[in-house]
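One structure is given here, and the rest of the page talks about it.
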Amino acid sequence: TQLLEQSPQFLSIQEGENLTVYCNSSSVFSSLQWYRQEPGEGPVLLVTVVTGGEVKKLKRLTFQFGDARKDSSLHITAAQPGDTGLYLCAGAGGTSYGKLTFGQGTILTVHP
Amino acid sequence: NAGVMQNPRHLVRRRGQEARLRCSPMKGHSHVYWYRQLPEEGLKFMVYLQKENIIDESGMPKERFSAEFPKEGPSILRIQQVVRGDSAAYFCASSPPTGGLDTEAFFGQGTRLTVV
């Protein structure tokens with residue numbers, strides 16, 4: 001059974017601060033995806049990382065996939081209140097790309 | 001291009017009734033996945049379907065739950081004789097039929113089932 005440990009579970013910071021969310025596993029994943037979920041809505045895909053060591057940037061968000069494809073991180077620079085939400089990492093194994101193993105999620109609150 | 005459509009958005013059922021949740025995948029997508037999100041928990045995989053085929057149902061409870069994706073029409077997740085523990089948000093995701101390692105799954109807005 002593949003497991004993804006996501007940390008921290010809760011993060012409360014002030015506007016302008018930087019933060020990092022971690023996603024770790026003992027299993028190797030074919031790819032890893034990061035989602036953001038608003039209350040009452042479905043997860044919205046932010047990025048997919050596929051290659052070990054890959055780094056992708058999306059405005060103030062930087063995503064990294066570990067060299068061994070077992071872990072990933074999400075770094076947000078100069079957080080804004082609009083970044084508040086639930087962030088989820090999810091790993092895909094084998095060829096069933098939509099069969100994802102999700103982390104527990106990180107609830108981020110950015111205070112003005 | 002419409003996204004993944006789920007209905008109803010909210011469903012209330014009494015204990016013992018049947019719940020039927022529908023999912024229409026994105027245009028051109030033939031793979032459908034169902035996930036369940038219990039309160040205070042992450043999303044858990046339930047079942048993976050292609051048209052007229054169940055590919056992987058390793059996450060489905062052994063009893064009362066079934067899923068189908070017919071040749072025509074939406075995918076259906078059916079829960080018979082619902083119990084309070086079935087109360088959760090049920091999400092459907094879809095992906096295209098072929099692709100590489102970066103093939104992505106897109107989620108619907110979910111159906112929130114409440115059993116009273």
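Odds and ends about this structure:
- Of the residues making up the range B:63-76, none is within 12 Å of chain A (Cβ to nearest Cβ), polar (S, T, N, Q) and assigned to a strand (DSSP E or B).
- Any chance residue B:114 is under 19 Å from residue B:41 (Cβ atoms), within 14 Å of chain A (Cβ to nearest Cβ) and either out of contact with any Phe, Trp or Tyr (no Cβ under 8 Å at 6 or more places or on another chain) or modelled with pLDDT under 90 (or both): yes
- Among residues of the range B:3-16, those that are more than 10 Å from chain A (Cβ to nearest Cβ) and either over 16 Å from residue B:83 (Cβ atoms) or open to solvent by less than 80 Å² (accessible area, probe 1.4 Å) (or both), counted: 6
- Residues (within 11 Å of chain B (Cβ to nearest Cβ), without any contact (Cβ under 8 Å) to a residue 40 or more places away in the chain and not in a strand (DSSP E or B)) located in the range A:41-98: A:41, A:42, A:50, A:51, A:54, A:96, A:98
- Checked against the criterion of being within 11 Å of another protein chain (Cβ to nearest Cβ), of a type outside the set (Phe, Trp, Tyr) and free of Cβ contacts under 8 Å to residues at least 24 places away in the same chain, the range A:14-36 contains not a single residue that satisfies it.
- When the test is whether a residue is under 19 Å from residue A:42 (Cα atoms), open to solvent by less than 60 Å² (accessible area, probe 1.4 Å), in contact (Cβ under 8 Å) with a residue 24 or more places away in the chain and facing chain A (nearest Cβ under 10 Å), residue B:24 does not pass it.
- Residues satisfying the stated conditions in the range A:1-38, i.e. modelled with pLDDT under 95 and acidic (Asp, Glu): A:5, A:38
- Exactly one residue among A:28, A:44, A:55 is out of contact with any Leu (no Cβ under 8 Å at 6 or more places or on another chain), under 27 Å from residue B:88 (Cβ atoms) and open to solvent by 50 Å² or more (accessible area, probe 1.4 Å), and that residue is A:44.
- Condition check for residue B:81: open to solvent by 40 Å² or more (accessible area, probe 1.4 Å) and either touching a helix residue (DSSP H, G or I) at 6+ places or on another chain (Cβ under 7 Å) or within 12 Å of chain A (Cβ to nearest Cβ) (or both): no
The values are calculated or read from the model by the stated rules, or taken from the named source; none is laboratory data. Please read these numbers as outputs of a predicted model, since none were measured by experiment. Because the Cβ atoms are built from the backbone with ideal geometry, glycine has one as well, and the counts that use them run over all protein chains shown. Only protein heavy atoms, including side chains, enter the accessible area calculation; ligands, DNA and RNA are left aside. Shrake-Rupley method; radii C 1.70, N 1.55, O 1.52, S 1.80 Å.
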